[in-house]
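A.B. asks: Here's a structure for you.
The values are calculated or read from the model by the stated rules, or taken from the named source; none is laboratory data. In this text, all values refer to a predicted model and were calculated from it rather than measured experimentally. Positions of Cβ are generated from backbone atoms using ideal geometry, with glycine treated the same way; all protein chains shown enter the neighbour counts.
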Amino acid sequence: MPHPSLSRRAATLCGLALLLVAPPLQAAPPGRPAPEVRIVGEPADATPLGLAARVRAHASLLGASSFPTDPTGTPYALDPTLDTQFRFRADYRHAWGADGRYILTLSYEHDLMSGVVLGGPAAFDGVAAPYTADAEKSALRVASARMSLGNALTLTAGAFTSHWGLGLIANDGAHGWTPGSARFSDPRGGDRVLGAVLATGPHLDGELLVFTALESVLADDVLIGDDTAWQAILGALVGPQGGPWQAGLYGVYRAQETTTGKRTTVGVVDVYGKLEDEGADFTLRAELEAALIAGTTDLAPTADHPQHDVLQGGVALRLALEASHGGVALDVLFASGDPAYDDGKQTGFKADRNFDLGLLFNDVVLAARTARTPVRADDPELAAFPAEDLDRLPTRGSATNTVSFFPRGWWRPVAGLELYGGVLIALSASNESDAFNARLAGGSPHNALGGGPATLVATELDAGIRTSGLLWGTRLVLGLEGGVLLPGGGLTGPDGLGEDPIYGGRVLATWEL
């Protein structure tokens with residue numbers, strides 16, 4: 001969930017070797033994307049009775065060309081980097097009573113291995129640079145028990161992941177590319193909590209679910225170091241799960257504290273809606289999520305403002321038209337920015353890092369340039385008294401201060417093979433401003449390379465191909481993606497600094513059984 005701060009392996013290698021020598025694939029049905037809305041504790045559950053287990057081995061090899069990160073031209077290059085994931089999940093489900101209305105579900109999910117095993121950049125001493133500090137070797141995702149007493153009451157307790165709507169603020173890191181989505185995504189991590197969820201429903205012919213939760217946050221985008229956080233949640237969903245329409249309201253009160261005692265308390269209101277029209281030859285889907293965050297924070301204090309007011313907003317729109325052999329999609333994102341850092345307000349909204357939008361712009365370029373800022377700001381030759389909480393500045397792959405449009409198209413020439421591509425146009429929601437360069441310039445907005453404000457930040461052209469099929473009763477997906485980013489005025493500095501195109505690409509492999 002976004003936060004009001006200036007923000008948040010050998011087994012896999014052997015598996016990849018097996019994939020390289022695997023026999024030809026048998027084409028699998030194209031499938032449909034899973035519903036985006038999932039509330040832990042809801043009575044509706046497609047898990048079969050008895051014991052079910054799944055294993056997922058995934059790896060991606062990503063690289064990008066060099067580009068400057070500050071006014072002195074300090075380069076950053078993402079050498080070929082192998083990022084792996086080996087996930088195991090097991091569910092046991094038992095039902096009894098009239099019509100099996102009483103259901104007990106025990107769930108366990110663990111990333112036994114996750115993170116970079118080869119490559120990665122050496123720049124910036126690993127200070128929040130992408131594909132260095134964020135790697136986790138192992139992470140427990142789910143260890144929970146759920147008791148459902150028909151539609152009267154459902155109680156879930158334990159450790160579990162959080163996801164809401166399109167994943168703009170609460171994202172479980174498990175919603176990636178699916179057939180017909182044309183998404184350039186490779187999710188990692190995810191929001192993990194320890195707590196309890198109480199839900200009642202569905203009521204009114206299966207169209208109303210009300211839920212509340214109390215959670216201690218184990219990990220999400222905005223927990224830095226040994227931060228602690230807890231949150232109380234109240235929400236409701238209207239509409240059948242997986243049906244043609246759905247709407248929901250998600251409210252959160254969150255309190256977070258650093259090891260030095262700095263507190264952040266915010267309230268979050270998030271609304272989600274979906275409409276879907278399925279015809280004989282096509283499916284039209286529209287989804288909208290809008291979030292508002294308000295509160296106060298002690299982070300990044302100044303002499304005039306030891307505490308800042310928080311007011312941030314984000315809106316995501318996703319449209320898709322799908323047919324049997326092709327389709328088009330459009331993602332639109334608005335995330336408020338923060339052009340002034342000494343005005344007593346924090347207005348920069350950061351989308352969850354697993355809310356994907358293109359291949360290079362957020363995950364590589366902005367992540368690297370914002371990671372460079374605290375390194376420069378901590379240099380005693382440039383700033384005798386560095387600002388506090390510099391570790392909160394890097395975006396770590398989150399989209400912020402943007403109005404982005406990402407139209408895409410896809411084509412399925414044969415079953416199990418998809419080609420897709422799109423053009424990402426990223427504009428500034430407010431004057432693009434690097435915190436350190438703005439201070440050196442006396443407070444006027446300047447970007448990471450020292451350039452002035454500009455409306456166009458970047459244009460990115462992406463293309464990809466994925467093939468999926470059945471292999472010995474398991475599912476194998478292979479993919480290849482590439483992109484070129486054309487910097488706009490928001491990414492360039494004086495005298496043409498940073499105007500050169502930035503190239504990147506990745507190879508992906510997923511094996512599920």
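A.B. asks: Please work out which residue is farthest from the chain's Cα centre (by Cα), limiting yourself to region 47-81 and to residues that are at pLDDT below 90 and in a strand (DSSP E or B).
C.D. replies: Among residues in region 47-81 that are at pLDDT below 90 and in a strand (DSSP E or B), the one farthest from the chain's Cα centre (by Cα) is Pro75.
A.B. asks: Of all residues in region 370-392, count the ones that are modelled with pLDDT of 70 or more, hydrophobic (A, V, I, L, M, F, W, C) and farther than 18 Å from Gly450 by Cβ.
C.D. replies: 1
A.B. asks: While we're on this one: Identify, please: which residue in region 182-205 is in contact with a Pro (Cβ under 8 Å, 6 or more places away or on another chain) and at pLDDT below 90 and is, among those, farthest from Thr154 (Cα to Cα)?
C.D. replies: Result: Pro202.
A.B. asks: So which residues in region 334-352 are surrounded by 24 or more Cβ atoms within 10 Å (Cβ to Cβ) and within 18 Å of the chain's Cα centre (by Cα), if there are any at all?
C.D. replies: Once the filter is applied, which keeps residues that are surrounded by 24 or more Cβ atoms within 10 Å (Cβ to Cβ) and within 18 Å of the chain's Cα centre (by Cα), region 334-352 yields Ala335, Gly348, Phe349, Lys350, Ala351, Asp352.
A.B. asks: So which of Asp221, Asp186 ends up being touching a Leu at 6+ places or on another chain (Cβ under 7 Å) and over 30 Å from Leu149 (Cβ atoms)?
C.D. replies: Selected residue: Asp186, the only one of Asp221, Asp186 that is touching a Leu at 6+ places or on another chain (Cβ under 7 Å) and over 30 Å from Leu149 (Cβ atoms).
A.B. asks: Let me ask you something else. Might you check whether a residue that is of a type in the set (Asp, Glu) and either touching a helix residue (DSSP H, G or I) at 6+ places or on another chain (Cβ under 8 Å) or not in a loop (DSSP other than H, G, I, E, B) (or both) occurs anywhere in region 225-246?
C.D. replies: Scanning region 225-246, I find no residue that is of a type in the set (Asp, Glu) and either touching a helix residue (DSSP H, G or I) at 6+ places or on another chain (Cβ under 8 Å) or not in a loop (DSSP other than H, G, I, E, B) (or both), so the answer is no.
A.B. asks: Now for a separate question. Any residue in region 284-297 that is at positive phi sitting within a Cβ distance under 7 Å of a residue that is among the aliphatic types (A, V, I, L, M)? List the pairs, counting only those 6 or more apart or interchain.
C.D. replies: Close Cβ pairs (under 7 Å, with a partner that is among the aliphatic types (A, V, I, L, M)) amount to Gly295/Val266; Gly295/Val310.
A.B. asks: Is it the case that Leu461 is part of a strand (DSSP E or B), modelled with pLDDT of 90 or more, buried (at least 18 other Cβ atoms within 10 Å of the Cβ) and not hydroxyl-bearing (Ser, Thr, Tyr)?
C.D. replies: Spelling it out, it is not the case that Leu461 is part of a strand (DSSP E or B), modelled with pLDDT of 90 or more, buried (at least 18 other Cβ atoms within 10 Å of the Cβ) and not hydroxyl-bearing (Ser, Thr, Tyr).
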